[in-house]
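Enquirer: One structure, as structure tokens, below. Some questions next.
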Amino acid sequence: MYYESNTEKNSMATSNLTSRRDFLKAGALAGIGASVLPSAKALGEIYPPAKNRVAGPVAISSANGRRTVLKAMEVIQSGADAIDAVVAGVNLVEEDPNDSSVGYGGLPNEEGVVQLDSCIMHGPTSRAGGVGAIEGIMYPSKVARLVLQRSDHVLLVGKGAQKFATMHGFEVEDLLTDHARERWVKWKENLSDRDDYLPPHDPSDKNVGQNFSPEERHMGTIHCSAIDLSGNISGVTTTSGLSYKIPGRVGDSPIIGAGCYVDNEIGAAGSTGRGEANLENLCSFLIVERMRMGDSPQDACLFACQRIADHTKLARLQDDQGRPNFNVKFYSLNADGVVGGAEIWGGEGTFSVADADGGRLEPLAYLYKRA
Ligand code: GLY
């Protein structure tokens, strides 16, 4: 079942959350704790309950997903599968023109074209779907889900992904808002040496290539994972990717194992931040495998941060102490409903959580403290 998020958005009492207190209050106002459990039989007819456990329901997301987790919980409480919940949750951000890192309003590539990435994974079936560099479709997460449900493939890219979407009734729309266009023009006008093309260079050369300062290049994204009333798990990640990227650049978000991974018996993980570093380490898969070995979600996320730090060997990607000069964040939950997250550079970072008691922000653990 698809939830039409425009309608949902209008009915959300939680659209302008600004503080942790508002967030908690909104969870209560939205009746997140209210019990609207469908019968076990009805759920079992969709997907059998996860084996040997009763955990959740719970939803987690990046810090920009405060409304997302509340929406995901609302959908879960109506008896839906977690895959419906996570898609409905991130749709709110995909259609939000004020989030410049996801969907409509996302910052474009270097040619001024918005190209979106998303992937999704469904725990009960272990099926996955993704779209890379798709243009003109506001809800790449829905298309990723269609790839999972209505094709025998896992990943569609570019024109093929767009054709697949229009075949299923999606409209092609202009996703470049005036605000995003103006920021892109400003970037073009100040390019100097800060695009993504690299000249031949020595790996020890610090003075070459990209400027990954988060103030100048945007790597925002949204991830959402959830456990539904049957104890089944799904996860989704969706993004407009690195701002002003080389056209056709695909980040970690549409790649299963990098941007998102789910094992129904173990847990789920997802990421935001510099996709290239995550692509080279497949951290969502790594986090789930660390949890399989007994790590808590937070420890598994920290392990992934350390793995990236250990593998960041080029001088242009290091600070003067050899540490990564960029950030990546991970979000995770295990099959028992325990949640956790970590980032490479932090101190004040948070992630969004909602459960039967409402919504809250939890601190992200970190490898290095920001100055
Ligand atoms: N993590 C989002 C991206 O790098 O595209």
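Read the figures in this text as sums done on the coordinates, not as results from a lab. Computed from a prediction, not measured in an experiment: that's the story for all the values here. So basically every Cβ, Gly included, is an ideal-geometry build from the backbone, and we count neighbours across all protein chains shown.
Enquirer: Given (1) touching a residue at least 60 places away in the same chain (Cβ under 8 Å); (2) buried (at least 23 other Cβ atoms within 10 Å of the Cβ); (3) polar (S, T, N, Q), identify the lone condition not met by Asn278.
Expert: Going through (1) touching a residue at least 60 places away in the same chain (Cβ under 8 Å); (2) buried (at least 23 other Cβ atoms within 10 Å of the Cβ); (3) polar (S, T, N, Q) one by one, Asn278 breaks only (1).
Enquirer: Quickly run through segment 274-310 and pick out the residues that are away from the ligand (no atom under 16 Å from the Cβ), outside any helix (DSSP H, G or I) and not acidic (Asp, Glu).
Expert: The answer is Met293, Gly294, Ser296.
Enquirer: For segment 251-273, which residues satisfy the criterion of being in contact (Cβ under 8 Å) with a residue 60 or more places away in the chain, more than 8 Å from the ligand (Cβ to nearest atom) and of a type outside the set (Asp, Glu)?
Expert: Hits for segment 251-273 are Pro254, Ile255, Ile256, Cys260, Tyr261, Val262, Asn264, Ile266, Gly267, Ala268, Ala269, Gly270.
Enquirer: Return the total of residues in segment 109-127 being touching a helix residue (DSSP H, G or I) at 6+ places or on another chain (Cβ under 6 Å) and away from the ligand (no atom under 13 Å from the Cβ).
Expert: Of the residues in segment 109-127, 4 are touching a helix residue (DSSP H, G or I) at 6+ places or on another chain (Cβ under 6 Å) and away from the ligand (no atom under 13 Å from the Cβ).
Enquirer: Restricting attention to segment 219-250, which residues are away from the ligand (no atom under 13 Å from the Cβ) and closer than 19 Å to Thr350 by Cα?
Expert: Correct list: Cys224, Ser225, Ala226, Gly235, Val236.
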